[in-house]
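A short worksheet on the structure shown next.
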């Protein structure tokens, strides 16, 4: 008889656990996976879509090196010494410049097992892979978000479809 | 599919908003209906097998009742089954306007399968209700219908799941690649579990004679159907959250947002309500509990469609911005065309050059003052004898004066360069 009375509680408990798990997953997502806020609300949309700057104007090393490179504060200042100096976000930039400090940007595209992966931008640019293939339409993003998983399965699928080498040692040196 | 692409009008943001709303609405009607069709067909065929030894027994009666649960009647199947699928295909084509994505063409392949499934099942029902003398043919028709529906719906759901996974779009070349992914499989299981869940509660709501259920006769057919409906609902309601979490865990990060998790916990709460209602049915044998279970399950379908909507919104954020920009560009071009009818051609070039200058150059350059770059009144005259040199510089700027930062490459088209150069020369001459 007691068991029968407990059934509704058991059902509630069972679904209660799932509700808790879903909320916990949401919290986890908010903490770790949501697009990070940046110290300055730099908008790629304004710089790329409106003004028409090319990616490599700021990310200088994409075709020359492993990393694409984040522009120096000096690079930003070369235009913003004079442009839009009244805007609050540009004032933040000026503060970094006056303090002679780098801007602590938060990284958006990070390989999960980066210790074991060798990836170079240079090779991919030489093979004429568009920036958007891996980074998505950054040119219309106000705050950059990661739209590709950057996981091995995805890398290999693309390598296969473009007949690029799929030897383990290509990426795992 | 080419013809579809050609016949689609370029969407505007308002148009897209309306389409997304429509999509939620039709899928909300479509999914529960398809769930009941599929669930009741499977259960009915199983009962036909169970009752094959004893025609007229409880099992055969249950099989017949179940085959009547979903109207596979022509109009219901057409308006609730086929039309929403076609509409959904058209809407997805619109949402992906000019993206060059072909993955969703597989939705179209799903249509003939689903259609064939409906045809087989409607013959199955007709044969069941006129007590056909050929049970073998009837069962095979039922099984065939189920297989068609399962296959068609696998393709349909797979394309819907792949819709929110742009990362994989370039790599899907055949239906096998479309279907083989944990994300698709989780989505399919989620649908099947909710299909059987809603079928169970549909039995409670539509097939029972509740007076018979509440008034004790222990072996009555209605009592059997009540336990069957309640058991089926409870079992799949318990399974659903597992599949749901599986689906969330395999969803691409680029499609997730906080709302999804809140909606999911709301769905689990609704499942809790459904579970308790079913328990109420078993315990107190009263109709309102059955109604509550059914409503809760329909609401679960609504939350799943909403989850689908939000994941799509998030996954397509950038594409939507691009579509919006395209719409604005079209509107602008249309306006220019209108104005152009009155303006002289020469003036038009100038207007275009001035507009481009205002948009792109004026941020760094003025004619008289130093801004970021040098005053144009000083530098442009150097090119007066070398217009081609000026054009080449605008196409690919190089560093000229060490006192100024390097000018960025602006990715200008030939005609844009022409217009800007014309404007610059015109202004320089005016100022002299």
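Below is a table of values for the structure above.
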read-out	value
Estimated distance in nm for a label pair at residue A:30 and residue A:162, the labels positioned 7 Å out from Cα along Cα-to-Cβ	3.8
For B:36-42, mean number of other protein chain Cβ atoms within 10 Å	0
Angle between chain A longest axis and helix A:2-28 axis [Cα atoms, degrees, rounded to 10]	0
Förster radius 35 Å - calculated FRET efficiency between residue B:351 and residue B:382, Cβ distance, rounded to 0.05	0.85
Largest-first ellipsoid semi-axes for the protein assembly as shown, taking √(5λ) over the Cα gyration tensor eigenvalues, angstrom	61, 27, 22
Translational D in µm²/s for chain B (Stokes-Einstein at 4 °C, 1.567 mPa s, Kirkwood Rh from C-alpha pairs)	50
Nearest 10 degrees, 0 to 90: helix B:106-129 Cα axis against chain B principal axis	20
Least to most buried among B:104, B:360, B:66 (fewest other Cβ within 10 Å first)	B:360, B:104, B:66
Peptide A:32-39 - average C-beta neighbours from other chains (10 Å radius)	1
For residues of A:133-146, the mean tally of beta carbons on other chains within 10 Å	3
Distance in nm between pseudo-label sites at residue B:330 and residue A:114 (7 Å out along the Cβ direction from Cα)	4.2
For chain B, built as a Gaussian network whose Cα springs stay under 10 Å, the top-fluctuating residue of B:37, B:126, B:103	B:126
Projected label distance in nm at residue A:173 and residue B:368, using a 7 Å step from Cα toward the beta-carbon	5.8
Sorted peptide list for A:159-168, A:88-97, B:254-263, criterion being average Cβ within 10 angstrom, highest first	B:254-263, A:88-97, A:159-168
Value of [θ]222 nm, deg cm²/dmol, for chain B, DSSP H segments ≥ 4, -39500 (n - 2.57) each, nearest 500	-24000 deg cm²/dmol
GNM top mover of A:55, A:134, A:155 - chain A, alpha-carbon springs below 10 Å	A:155
Where only alpha carbons of segment A:26-128 are counted, the Rg and the Dmax (Å)	16.0, 45
Mean-position separation - Cα centroids, segment B:366-403 and segment A:56-128, in angstrom	27
Rg/Rh (Cα only; Kirkwood hydrodynamic radius) as it applies to chain A	1.15
Acute angle (nearest 10 degrees) that the helix B:345-356 long axis makes with the longest principal axis of chain B, alpha-carbon atoms	70
Ordering of B:241-250, B:158-167, B:287-296 by packing [mean C-beta count within 10 Å, highest first]	B:158-167, B:287-296, B:241-250
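Where a number appears in this text, it was derived from the coordinates with a stated rule and is not lab data. This structure is a prediction, so every number in the text was calculated from the model and none was measured. A quick note on method: Cβ atoms are made from the backbone with ideal geometry, for glycine too, and the neighbour counts reach across all protein chains shown.
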